[in-house]
Amino acid sequence: MTAKLLEVSGLRTEFVTGGGVIRAVDGIDLKISEGETLGIVGESGCGKSITSLSIMQLLPSKIGRIAAGEIRFKGEDLVRRSGREVRRVRGNRMAMIFQEPMTSLNPVIRIGRQVAESARYHLKIGRKEAETLAIEMLRKVGISRPEQIVKQYPHELSGGMRQRVMIAMAMVCKPELLIADEPTTALDVTIQAQILDLMRELQREEGTAILMITHDLGVVAEMCDRVVVMYAGQIVEETDVRTLFRSPQHPYTRGLLDSLPQLSEGRERLASIPGQVPNPLELPAGCRFAPRCPVKMRECEEAVPELLTTEEGHQCRCFLRQKEKEAVS
Amino acid sequence: MSETATTLVPNPVPQPSARADLRKRQTFARLLLKNRLAVLGLSFIVIWTLLAVIAPWVSPYEPTLTDTASKLQSPNAAHWFGTDNFGRDVLSRVLYGARISIWTGLIAVAISLCIGVPLGGIAAYYGGRLGSVIMRLMDILLAFPSLVLSMAIAASIGAGLTSAMIAVGIVGIPEFARLMYGQTISLKEKEYIEASRAIGVKDNVILFRHILPNALAPLLVQATLGMGFAILTASSLSFLGLGVKPPIAEWGAMISEGREYIISGQWWLVTFPGLGIATSILGFNLLGDGLRDILDPRLRSGK
């Protein structure tokens, strides 16, 4: 077993809004080993992005806060660190790629300075060295003629190139953990594949662990070692990627897999999960998926199921699986 | 714009940056030249600045040279703008007055910028109680009529050119603070600002090296408009005797000294410095309005 790089336990993130306190992330546990890729999947609004922002300690400070839990990066709890100590980790040992390459680069600063910026802070290198490093990084992420690109502004680059620049920015300090929040959502499919290939290649070279946040199960299948499925701020299923696709246990995961287009079936309409993610201010009393669940039972509306280990390395939050397991044993 | 269209191409060959830069500058210059009023404004400013710089060489007389024998002459071949009650050449005094006025405008706007922009940026970026205190102080400054406030400040530091500059500068602070406040409030939510936080950049660096450059365009417009305001207010202070001390040539002071002679028909004493004030302010206002038109849509579509 490789060492744990990041351990999140009992993380609860809350937002204070006019309507009350929203628990966007409600008690989740994550473990990422060195060099591993963990995927977090779920619909919009299920707390994936808030989880990543919590790990980076980048929650909007006025309204969002980590109410409980620990985020241990190499054993150090980041929640209880000062701003300066967190900054030393951020960008240096733990970096993040954002969803929107079009808006994640500062429009008035040249590419070279943006790429080298974190290196200049964390590695304390000079302007000249930084430029050389930026050129080297841009070449590494597959940008041709990086000597010219460093002098350009973001609006002169295409979306795919900007996402490559974002990756170069994130990887410049050789972080141990890279958090990618929907890194390919805003890109064309062909570019998506290139970007994913690039991330995998860099991961192999540098041994970086990746936390991949996505709603695209195709990306999960291609990239991840293990997968966490989130629903309404909770983990509903966690397993390795093969098992998830071969034998999903939670009805929600099944619903997600069923709504993928299948080439072999040629159905007219895609299957979908009826209903919507519940309003976080009015969560159901029992299982949070119960209102949309096709195999709902009476107890699902009364009690909250626990996240239980159903098989070796497979966890699921569902009464049905618990019953099955009890029946077997 | 064309930039956004090219971003859809998977692997476009980017323009060599030198050429792209040049093209961008050319478009800016072309847009500016297409705006007739802005060109008019710019030419007023250029002419006055040039005259101010070369005043010692082109002025026909010393601005403070009195010649009681030829006092209160109407415009003639020897004195194009006539002479005043001490026989001083009005043309020379107007030219030297341009130096003082433009200099006052520059210093006053610099004071407003250097204090107002950081205050507004800090108030917006950190927000909370600090932000409220700063912005309420700005509201207090704004609540006074600007001339009354600058008079009060100038009078309390003591009359003189320096105190006039400081007074006008202080009065201009809230405008810049509010502008920067609004810009920062919207810019700090941008993803690229969050991205720079995610790579561990310090707050003050984010504020001044990432947010400020994005807010430059409106600040530039405000600074240009502020120049006009500063020249006017400084002249008003001099007119009221709170600015420069005689015999230094300054437009406001010249009007003040010459106003007694309007009734007796010596119109040239006030008309020429008055035209100086009017054209220079008009120049800055026209250029400021033009810049606003040119810079705003470009910045929006540039993203």
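Readers should treat all values here as calculations from the given coordinates under stated rules, not as data from a laboratory. Worth saying up front: this structure is predicted, and the values here are computed from it rather than measured. Heads up, the Cβs are rebuilt from the backbone with ideal geometry, glycines too, and the neighbour counts pull from every protein chain shown.
Shape of segment B:124-258 from its Cα gyration tensor (a ≥ b ≥ c, root eigenvalues): rounded if a/c is under 1.5, otherwise prolate when a/b > b/c, or oblate? Write down the numbers at each step before the final one.
Working: a/c = 3.39, a/b = 2.49, b/c = 1.36.
Prolate, because a/c is 1.5 or more and a/b exceeds b/c.
What FRET efficiency, computed as 1/(1 + (r/R0)^6) with R0 = 25 Å and r the Cβ-Cβ distance, is obtained for residue A:70 and residue A:34, rounded to the nearest 0.05?
Working: r = 19 Å, r/R0 = 0.76.
Efficiency, rounded to the nearest 0.05: 0.85.
Please work out how many pairs of lysine residues in chain B are eight or more positions apart (or on different chains) and have Cα atoms closer than 16 angstrom. It would help to have the intermediate numbers written out before the result.
Values: B:24/B:34; B:24/B:303; B:188/B:202; B:188/B:303; B:190/B:303.
Value for chain B: 5.
With only Lys, Arg, Asp and Glu charged, each at its Cβ (+1 for the first two, -1 for the last two), find how big the charge dipole of chain A is about the Cα centre; round to the nearest 20 debye.
Values: 45 positive and 44 negative charges, 245 e Å.
Roughly 1180 debye for chain A.
Using a ≥ b ≥ c from the Cα gyration tensor of segment A:235-329 (square roots of the eigenvalues), is it rounded, prolate or oblate, where a/c under 1.5 gives rounded and otherwise the larger of a/b and b/c decides, a/b for prolate? Intermediate values should be presented prior to the final figure.
Working: a/c = 1.97, a/b = 1.16, b/c = 1.69.
Here segment A:235-329 falls in the oblate category.
Which semi-axis lengths, in whole Å and largest first, follow from the square roots of five times the eigenvalues of the Cα gyration tensor of chain B? Write down the numbers at each step before the final one.
On the way: eigenvalues 383, 131, 35 Å².
So the three semi-axes of chain B are 44, 26, 13 Å.
For residue A:323, go through the lysines and keep the ones whose alpha-carbon is under 22 Å away, minus same-chain ones fewer than eight residues off.
Straight-distance partners of residue A:323: A:296.
Compare A:74, A:296, A:128 in a GNM of chain A, Cα atoms joined below 10 Å, and give the one with the largest fluctuation.
Most flexible of the set in this elastic network: A:128.
Just the C-alpha atoms of the protein assembly as shown: what Rg/Rh do they give, with Rh taken as the Kirkwood radius? All intermediate terms of the calculation are to be shown ahead of the outcome.
Values: Rg = 33.1 Å, Rh = 29.0 Å.
So for the protein assembly as shown, dividing Rg by the Kirkwood Rh gives 1.14.
Mind checking which of B:263, B:107, B:277 has the largest fluctuation in a GNM of chain B, springs on alpha carbons under 10 Å?
Maximum fluctuation in the GNM of chain B, among the listed residues, is at B:263.
Work out the FRET efficiency for residue A:132 and residue A:174 from their Cβ-Cβ distance, taking R0 = 22 Å, and round it to the nearest 0.05.
Values: r = 16 Å, r/R0 = 0.71.
Once rounded, the FRET efficiency stands at 0.90.
For segment A:52-103, just say rounded, prolate or oblate: build the C-alpha gyration tensor, square-root its eigenvalues into a ≥ b ≥ c, call rounded for a/c under 1.5, and beyond that prolate if a/b exceeds b/c, oblate if not.
Verdict is oblate for segment A:52-103.
Fewest Cβ neighbours within 10 Å first, please rank B:294, A:32 accordingly. Numbers along the way, then the final one.
Details: B:294 20, A:32 23.
The most exposed by this proxy come first: B:294, A:32.
Give, in nm to one decimal, the length gained when the segment between residue B:208 and residue B:58 is fully stretched (0.36 nm per residue of separation minus the Cα-Cα distance).
On the way: separation 150, 0.36 × 150 = 54.00 nm, distance 4.27 nm.
Full-extension gain reported as 49.7 nm.
What is the P(r) of chain A, as percent of Cα-Cα pairs per 20 Å bin from 0?
30, 56, 14, 0
If R0 is 56 Å, what FRET efficiency do you get for residue B:106 and residue A:301 from their C-beta distance, rounded to 0.05?
Values: r = 73 Å, r/R0 = 1.30.
Step by step, r from the Cβ atoms, then E = 0.15.
As I understand it, the dipole of the protein assembly as shown uses +1 on the Cβ of Lys and Arg and -1 on the Cβ of Asp and Glu, about the Cα centre. Which of B:247, A:101, A:112 lies farthest toward its positive end?
Most positive-ward Cα: B:247.
Using a Gaussian network model on chain B with a 10 Å cutoff between Cα atoms, which of B:181, B:61, B:192 fluctuates the most?
Most flexible of the set in this elastic network: B:192.
Using alpha carbons only, what's the Rg to Rh ratio of segment B:189-303 with Rh from Kirkwood?
Radius of gyration relative to Kirkwood radius: 1.26.
So, in Å, what gap is there between the alpha-carbon centers of segment A:76-113 and segment B:88-126?
Going from one Cα centre to the other spans 39 Å.
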